[in-house]
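**Q** Pasting a structure below so you can have a look.
Derivation of every value follows stated rules applied to the coordinates shown; laboratory data play no part. As the structure is a computational prediction, the values presented were derived from the model and not from experiment. Neighbour counts run over all protein chains shown; Cβ positions are idealised from the backbone, glycine included.
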There are 4 protein chains.
Amino acid sequence: MTVRELIETHPHPTSTDREVLVRCIEDCFECAATCTGCADACLAEDDVRELVRCIRLCLDCADACAAAMRILGRQTDPHPPTQLNTLEACLAACRACADECERHADHHEHCRLSAEECRRCERACEDLRSALARP
Amino acid sequence: MTVRELIETHPHPTSTDREVLVRCIEDCFECAATCTGCADACLAEDDVRELVRCIRLCLDCADACAAAMRILGRQTDPHPPTQLNTLEACLAACRACADECERHADHHEHCRLSAEECRRCERACEDLRSALARP
Amino acid sequence: MTVRELIETHPHPTSTDREVLVRCIEDCFECAATCTGCADACLAEDDVRELVRCIRLCLDCADACAAAMRILGRQTDPHPPTQLNTLEACLAACRACADECERHADHHEHCRLSAEECRRCERACEDLRSALARP
Amino acid sequence: MTVRELIETHPHPTSTDREVLVRCIEDCFECAATCTGCADACLAEDDVRELVRCIRLCLDCADACAAAMRILGRQTDPHPPTQLNTLEACLAACRACADECERHADHHEHCRLSAEECRRCERACEDLRSALARP
């Protein structure tokens, strides 16, 4: 992916573990796309009334991931509290969305895929949180 | 503003102090627009090299406010940890951006306006945080 | 609103009719917020299955308005074809969303409010399109 | 990528050539990330004053791609004029950004990468435009 190469070309190289940072940004992108798609697929299901909470949390998760990948991806003069709180917000949104999507994973394949992607992004956020906490 | 009226028409009325919620959403909108504009005006200044940190924090603040107004504005099945962490991220971004814009407020009117708006949004976020913490 | 003042402080003043530009940016903001709120309120209605198209078009309209207010608001080195096409996309999204919201305006107050706001934004986009076309 | 699988699980399968649609959504994501990163890297360069137009067009392109991947990715009750105009806006933004990034590709590796990604996304948008025009 170009993101990985691009982050390596920044004039001020990040002090964060680059591999962990790139993985988190990529997973945020993938998760934002997946949750946008799952919310849309849920809307078209016959049992949409059972999926209202899932749609809501997918929309939240897509918005949180979209903000996180922008704010965490910037390496010029970063502001650690903004980055850390943005990461926590993304983590909370991924976890809530994964929990809800898992409840529908048996009968809706898009929820199963979305749950998996949210869990992956949740772990990538946890790894980046650990990396940012290291001196 | 329509946002205020619209929030009153939601079938599940919010349990949060509505006045505080509406003010926070409106300030997030205004702050996102102002920071997008300040980053752009900074880019066109002759001393853009002195404004790099200001541009970066304005871009962060616009992204954090845009995510916050969407996630906080939704009243259907909200997830409190996602909302609270999103609010904290927005608060941190507003504070950092206000601090930096204030440093340039004497010589750039757009930085003065942006600093004022970021402080207003920071206070609205603090008020909403207090309101969300109440049972 | 701060946006109006901020646009006046830009080092490179816009060649576009400033009043028309500011109104369009403000309406895009208001419309993005209103459509985000209407989609969310629709989700919580008992007849959500009748509102699926309305939700979808509200989500589109919020996304189109959010992109438009950023891209149109930037005054540094603008690229006319990008601005014009972004405006057309916003206009199409507002029109489609207004048409659909009007169909539900009798029984859902949030749809009535959203339809009104989309029509207002549609007109502001048309006015800006005329202004941009003038030499 | 999960996006591809997810689009296949939608209850209302798209009438558009699925391969072309998925490629466009994926390229919009990649391009949004790359342009966000290139704008940020440009900000940190010593010759930032020469890169002002590049930064502006990268910010536009990231916003246009982010809106496009959301609006084009939704398959529930799509509105063709909104989708087509959104695609045109994305195409115009990618082309303008590629043209400008290419001017700096010799001395900034991030501009070279960003130019390549913008061209790839431009072509994916053209292919989707052709596919949408087919009956």
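**Q** Which residue, D:A64, D:A44, D:A92, has the most motion in a Gaussian network model of chain D that connects Cα atoms within less than 10 Å?
**A** D:A44
**Q** Moving to a separate point now. Distances from C:D47 to the same residue in each other copy, label points 7 Å out along Cα→Cβ, in nm, shortest first?
**A** Its label point is 2.5, 6.0, 6.3 nm from the equivalent points in the other copies.
**Q** Along the positive direction of the dipole of the range C:11-135 (beta-carbon charges: Lys, Arg +1; Asp, Glu -1; about the Cα centre), which of C:A39, C:H110, C:P78 reaches farthest?
**A** In the range C:11-135, that residue is C:P78.
**Q** Given +1 on the Cβ of Lys and Arg, -1 on the Cβ of Asp and Glu, and no further charges, what dipole in debye does the protein assembly as shown carry about its Cα centre, rounded to the nearest 20? Intermediate values should be presented prior to the final figure.
**A** Working: 64 positive and 104 negative charges, 0 e Å.
So the magnitude is around 0 debye.
**Q** Compute the distance from the alpha-carbon center of the range C:1-24 to that of the range B:36-89, in whole Å.
**A** Here the answer is 20 Å between Cα centres.
**Q** If you place +1 on the Cβ of every Lys and Arg, -1 on the Cβ of every Asp and Glu, and leave all else neutral, what size is the dipole of the range A:82-135 about its Cα centre, to the nearest 20 Debye? Write down the numbers at each step before the final one.
**A** Details: 8 positive and 11 negative charges, 53 e Å.
Around 260 debye, computed over the range A:82-135.
**Q** Only Cα pairs under 8 Å and at least 6 apart count here; give the relative contact order of chain C as a rounded whole percent.
**A** On the way: 156 pairs, mean separation 40.3, N = 135.
The value is 30 percent.
**Q** Using θ = phi - 60° and the Karplus form 6.51 cos²θ - 1.76 cosθ + 1.60, what ³J(HN,Hα) does each residue of the range B:27-38 get, whole Hz, x for Gly and Pro?
**A** 5, 4, 4, 4, 5, 4, 5, 5, 5, 4, x, 5
**Q** Here is a follow-up. Tell me, for the rotation carrying D onto A, which chain D residue has the beta-carbon closest to the axis and what that distance is in whole Å.
**A** Chain D residue with minimal Cβ-axis distance: D:F29, 3.
**Q** Sorted from shortest, what are the nm distances separating the label point of D:R18 from equivalent points in the other copies, each placed 7 Å from Cα along Cα to C-beta?
**A** Listed shortest first, these distances are 3.8, 4.6, 5.4 nm.
**Q** Treating only the Cβ of Lys, Arg, Asp and Glu as charged (+1, +1, -1, -1), what charge dipole size does the range D:6-125 show about its Cα centre? Round to the nearest 20 debye. Let's see the in-between values first.
**A** Details: 13 positive and 23 negative charges, 80 e Å.
Here the size comes out at about 380 debye.
**Q** For chain D, what value does the Rg/Rh ratio take when both radii are computed over Cα atoms and Rh is the Kirkwood radius, given to two decimals? Provide the component values of the computation, followed by the final result.
**A** On the way: Rg = 15.5 Å, Rh = 15.1 Å.
With Rh from the inverse mean 1/r over Cα pairs, Rg/Rh is 1.03.
**Q** Need one value for D:23-36: mean number of C-beta atoms belonging to other chains within 10 Å of its residues' C-beta atoms. Display every interim value, and only then the final one.
**A** Working: counts 0, 0, 3, 3, 0, 1, 8, 5, 1, 6, 12, 6, 1, 10.
Average per residue, whole number: 4.
**Q** For n ≥ 4 DSSP H runs only, could you compute -39500 (n - 2.57) per run for the protein assembly as shown, divide by its residues and tell me the 222 nm figure to the nearest 500? Mind showing how you got there, number by number?
**A** Values: 20 runs with 417 residues, N = 540.
Value at 222 nm, helices only, nearest 500: -26500 deg cm²/dmol.
**Q** Normalising by the residue count of the range A:69-135, find the relative contact order in percent from Cα pairs under 8 Å and 6+ residues apart.
**A** Numbers: 46 pairs, mean separation 20.6, N = 67.
Relative contact order of the range A:69-135: 31 percent.
**Q** On average, how many beta carbons from a partner chain sit within 10 Å of the beta carbon of a residue in B:42-55? Intermediate results must be reported in sequence, preceding the final value.
**A** Numbers: counts 4, 17, 9, 6, 2, 1, 7, 6, 0, 2, 6, 5, 1, 7.
Partner-chain Cβ atoms within 10 Å, mean over residues of B:42-55: 5.
**Q** In addition: For the charge dipole of the range C:2-128, defined by +1 on Lys and Arg C-beta atoms and -1 on Asp and Glu C-beta atoms about the Cα centroid, which residue among C:M69, C:L87, C:T9 has the Cα displaced farthest towards the positive pole?
**A** In the range C:2-128, that residue is C:T9.
**Q** Treating the angle as unsigned and between 0 and 90°, give the value, to the nearest 10°, between the Cα long axis of helix C:109-133 and the longest Cα principal axis of chain C.
**A** For C:109-133 against chain C, the angle is about 20 degrees.
**Q** Which distances, shortest first and in nm, link B:P81 to the matching position in the other copies, using label points set 7 Å out along Cα to C-beta?
**A** Distances between equivalent label points, in nm: 2.3, 4.6, 4.8.
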